[in-house]
Amino acid sequence: MTLNADYDLDGFVTGIDVLPAEKTQYYSEKYQTFIDTYHSHSRFSDWTYYRSELLLKWVADLASEDSLLNVIETLIGPDILLWNAFLPAKPPHTDSHFAWHQDATYWPVEPTSEIVSAWIALSPVTLESGGMQMVRGSHRQGQQPHEATYDDSSMLRRGQRVTTEVDDSRICDIDLEPGQASVHHTLTLHRSGPNRSDHWRLGVGFNYASSNVGPLPGYEDSAMPLRGDVAGSKFHFNHPPKSDLDSDALRDYEASLQRQSKRYSDVNDSSAS
């Protein structure tokens with residue numbers, strides 16, 4: 001079957017080779033250096049949770065790799081924006097996890113069917129190290145109800161999880177070698193457990209959008225043009241940083257957070273404590 005056919009049938013494709021060994025090593029070293037330098041920083045969780053491409057040049061460079069964009073173009077067409085990048089790194093022997101959820105549940109953009117979530121491994125990723133699991137065909141069941149648990153060990157800001165039963169017979173483990181990627185539909189049910197290994201789980205997540213995607217009425221949003229003609233996009237345009245965490249990058253990042261403050265307004269109110 002083709003990439004498109006597998007994606008349409010299962011809601012995901014895994015084990016896609018996107019980086020040669022030398023580039024994998026380069027990005028892995030950049031990632032580990034960032035962790036070693038900033039893991040104790042008060043903003044580390046913010047910088048890794050959302051819009052990491054505005055802060056870290058190497059993340060924006062990785063998002064722009066032709067081998068990865070070629071995969072995305074097959075799924076959503078030639079006009080591509082990066083809506084978000086994040087660094088869901090898991091330290092060794094920790095309980096950090098993602099419960100079963102669908103990416104699009106809390107996203108104030110449309111149409112989410114023209115967004116693809118990509119995940120690139122920069123370390124060996126297995127079930128033991130907190131690798132993802134996905135439910136085949138779950139994207140064809142539509143949006144499922146979620147609840148916000150605000151679980152401290154969840155790597156999602158609201159600790160969201162689905163409230164419906166998951167069909168265990170359709171669960172697929174997403175094991176990846178460094179330099180491999182998986183891609184999944186925004187309605188594909190997926191989760192990842194704690195990292196029980198002796199090493200950091202290093203992965204980078206990207207949400208790529210077609211030029212047809214834009215913010216819902218009442219919201220403002222931004223994205224980074226990567227390929228094709230996106231002149232008609234309803235997003236404000238971001239640009240990649242010139243260097244990691246430089247002053248312009250930090251300013252652009254804070255402006256983006258302010259622009260999207262409405263998206264996370266419920267996380268900080270009294271009911272969310």
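Sequence-distant contacts, meaning Cα pairs under 8 Å at least 6 residues apart, place the relative contact order of region 95-203 at 51 percent. Among the protein heavy atoms of the chain, carbon and sulfur supply 47% of the accessible surface, probe 1.4 Å, non-protein parts ignored. The calculated FRET efficiency for Ser113 paired with Ser40, based on their beta-carbon distance and R0 = 45 Å, is about 0.65. Per-residue extension of 0.36 nm, minus the Cα-Cα distance of Glu165 and Gln258, leaves a gain of 29.8 nm for this segment. List the relative contact order of region 25-141 as a percent without decimals, with contacts defined as Cα pairs under 8 Å and 6+ residues apart. For region 25-141, the relative contact order is 28 percent. Shape analysis of region 1-151 yields a ratio of the Cα radius of gyration to the Kirkwood radius, Rg/Rh, of 0.94.
Give the shape of the chain as rounded, prolate or oblate, defined through the alpha-carbon gyration tensor: a ≥ b ≥ c are the square roots of its eigenvalues, a/c under 1.5 means rounded, and otherwise the shape is prolate if a/b is larger than b/c and oblate if not. Cα axes put the chain in the rounded bin. With a Cα cut-off of under 20 Å and a minimum spacing of 8 residues unless on different chains, the lysine pairs in the chain number 7.
Please label the shape of region 209-258 as rounded, prolate or oblate, based on the square roots a ≥ b ≥ c of the eigenvalues of the alpha-carbon gyration tensor (a/c under 1.5 means rounded; beyond that, a/b larger than b/c means prolate, else oblate). Oblate, because a/c is 1.5 or more while a/b does not exceed b/c.
Distance from the Cα centroid of region 232-264 to that of region 1-47 is 21 Å (rounded to whole angstrom). Taken about its Cα centre, the chain carries a charge dipole of roughly 440 debye when the Cβ of each Lys and Arg holds +1 and the Cβ of each Asp and Glu holds -1. Dipole magnitude for region 52-123: computed about the Cα centre from +1 point charges on Lys and Arg Cβ and -1 point charges on Asp and Glu Cβ, it is near 300 debye.
Looking at the chain, the accessible area is 44 square angstrom per residue; that uses a 1.4 Å probe and ignores ligands, DNA and RNA. Okay, which of region 98-137 sit inside 19 Å, backbone N to the point 7 Å along the Cα-Cβ direction of Glu29? Within reach of a label on Glu29: 121-124. Placing a pseudo-label 7 Å from each Cα along the Cα-to-Cβ vector at Ser247 and Asp151 gives an inter-label distance of 4.4 nm.
The values are calculated or read from the model by the stated rules, or taken from the named source; none is laboratory data. All values derive from a computational prediction rather than experimental measurement. Positions of Cβ are backbone-derived with ideal geometry, glycine not excepted, and every protein chain shown enters the neighbour counts. Side chains included, ligands, DNA and RNA excluded: accessible areas come from the protein's heavy atoms. Shrake-Rupley method; radii C 1.70, N 1.55, O 1.52, S 1.80 Å.
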